[in-house]
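Peer 1: Structure provided below as structure tokens; questions to follow.
The values are calculated or read from the model by the stated rules, or taken from the named source; none is laboratory data. Small disclaimer: the values here were computed from a predicted structure and weren't measured. With ideal geometry, Cβ positions are generated from the backbone for all residues, glycine too; neighbour counts draw on all protein chains shown.
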Amino acid sequence: MSSTVLNLVDGETILRLLNREVPSAQKRSERILRFIAREGKISEKELQKLFHDEVASCFRTPVDQWLRTGVDAGGVESPRSRTIVREHAMHGVFQYFAMHPPAVSLGAEGLSVFIGEPPEVPNDWTEFFQNAATEANRLLVGLVLSDWRFNIFKCRYCECYYLNPKPRASYLGGTYCSAEHRKSAYAERITAEKRDAAKCGREIVAAKYLVERGVTTSEWHKDAKLKSRVAAAVSIHMAKDPNLCSGRYQVRPHWVSRNCEQIEARRRAFFTSQKTQ
């Protein structure tokens with residue numbers, strides 16, 4: 001006897017829902033309160049929009065958590081490492097199976113198991129939001145048990161969801177929906193790294209200046225004149241070393257004030273290092 005598993009949830013439906021533009025938290029709250037105040041008596045068009053928005057909101061969180069189980073601490077994404085974890089919002093999978101087990105039918109061609117079949121739900125406005133959660137869990141079950149569950153990805157740049165028909169075993173820099181978005185993400189990451197390195201370098205220059213001037217108190221930042229001298233010293237180094245600039249060519253006393261905690265931490269480290277030598 002042969003057996004067949006039929007998944008009634010398709011990838012295009014999943015993508016449309018995941019990529020659906022949902023209202024802001026405030027707008028969503030206003031619509032929910034209006035629905036409750038009218039006891040569900042709103043137009044059919046508005047009702048359908050609210051339902052699909054609620055399903056999308058309930059669906060997206062567990063999908064994102066499931067996708068993240070395939071990303072290691074170093075940011076390498078391996079789709080076949082994705083797992084269903086009870087502690088995550090993925091508990092909806094187990095909850096749905098407990099309440100709506102797969103339909104099974106035995107026919108002349110063998111055993112058929114139906115996954116993701118829409119269940120019967122109460123047709124009452126008080127059950128509206130529970131029905132939306134149930135629908136989200138139905139789609140979740142269909143997704144994680146589908147043949148294409150390792151083909152779905154979330155772009156790290158634009159955060160859209162997409163299907164990759166030929167996924168690799170792993171992606172060192174994460175996944176992107178297009179080559180353009182991969183290049184854009186890389187460029188932004190390099191820019192951010194340069195900006196962080198430049199800021200770190202300026203803080204080091206400021207800390208060394210304080211140590212060289214014999215500053216031993218952590219209250220140095222309360223001295224306006226000293227802060228001005230620190231800013232001037234850092235600006236001089238920036239004129240000599242373009243790696244310290246990152247889009248700016250000098251700093252002012254307010255930059256010293258804004259970064260005084262980091263500068264002080266580096267000053268203490270340099271001061272301690274000198275004492276132990």
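Peer 1: Could you grab me the full set of residues in the stretch 217-236 that are touching a Leu at 6+ places or on another chain (Cβ under 9 Å) and surrounded by fewer than 18 Cβ atoms within 10 Å (Cβ to Cβ)?
Peer 2: Answer for the stretch 217-236, where residues must be touching a Leu at 6+ places or on another chain (Cβ under 9 Å) and surrounded by fewer than 18 Cβ atoms within 10 Å (Cβ to Cβ): just L226.
Peer 1: Find all pairs meeting these conditions: Cβ atoms under 6 angstrom apart; at least six residues apart or on different chains; first residue within the stretch 99-115 and modelled with pLDDT under 75; second residue surrounded by 11 or more Cβ atoms within 10 Å (Cβ to Cβ) and not in a strand (DSSP E or B).
Peer 2: Listed pairs, sorted by first residue: none to list.
Peer 1: Is it true that some residue in the stretch 70-88 is surrounded by 16 or more Cβ atoms within 10 Å (Cβ to Cβ) and of a type in the set (D, E)?
Peer 2: Within the stretch 70-88 (the criterion being surrounded by 16 or more Cβ atoms within 10 Å (Cβ to Cβ) and of a type in the set (D, E)), the answer is yes, since at least one residue qualifies.
Peer 1: Next question, about the same structure. Which pairs turn up if I take residues in the stretch 59-84 that are farther than 12 Å from F150 by Cα and part of a helix (DSSP H, G or I) and look for partners that are modelled with pLDDT under 95 and small (G, A, S) with beta carbon separation below 6 Å, at least 6 apart in sequence or on another chain?
Peer 2: F59/A136; T61/A89; P62/A89; P62/G92; Q65/A89
Peer 1: Which members of the stretch 145-158 meet the condition of being closer than 30 Å to Y186 by Cα and in contact (Cβ under 8 Å) with a residue 60 or more places away in the chain?
Peer 2: Result: W148, R149, F150, N151, I152, F153, K154.
Peer 1: Can you tell me which of (1) in a helix (DSSP H, G or I); (2) under 16 Å from L145 (Cα atoms); (3) of a type outside the set (G, A, S) is the one E46 doesn't meet?
Peer 2: Going through the list (1) in a helix (DSSP H, G or I); (2) under 16 Å from L145 (Cα atoms); (3) of a type outside the set (G, A, S), E46 breaks only (2).
Peer 1: Which count do you get for residues in the stretch 159-185 that are surrounded by fewer than 16 Cβ atoms within 10 Å (Cβ to Cβ) and either free of Cβ contacts under 8 Å to residues at least 60 places away in the same chain or touching a Pro at 6+ places or on another chain (Cβ under 9 Å) (or both)?
Peer 2: Total meeting the criteria: 12.
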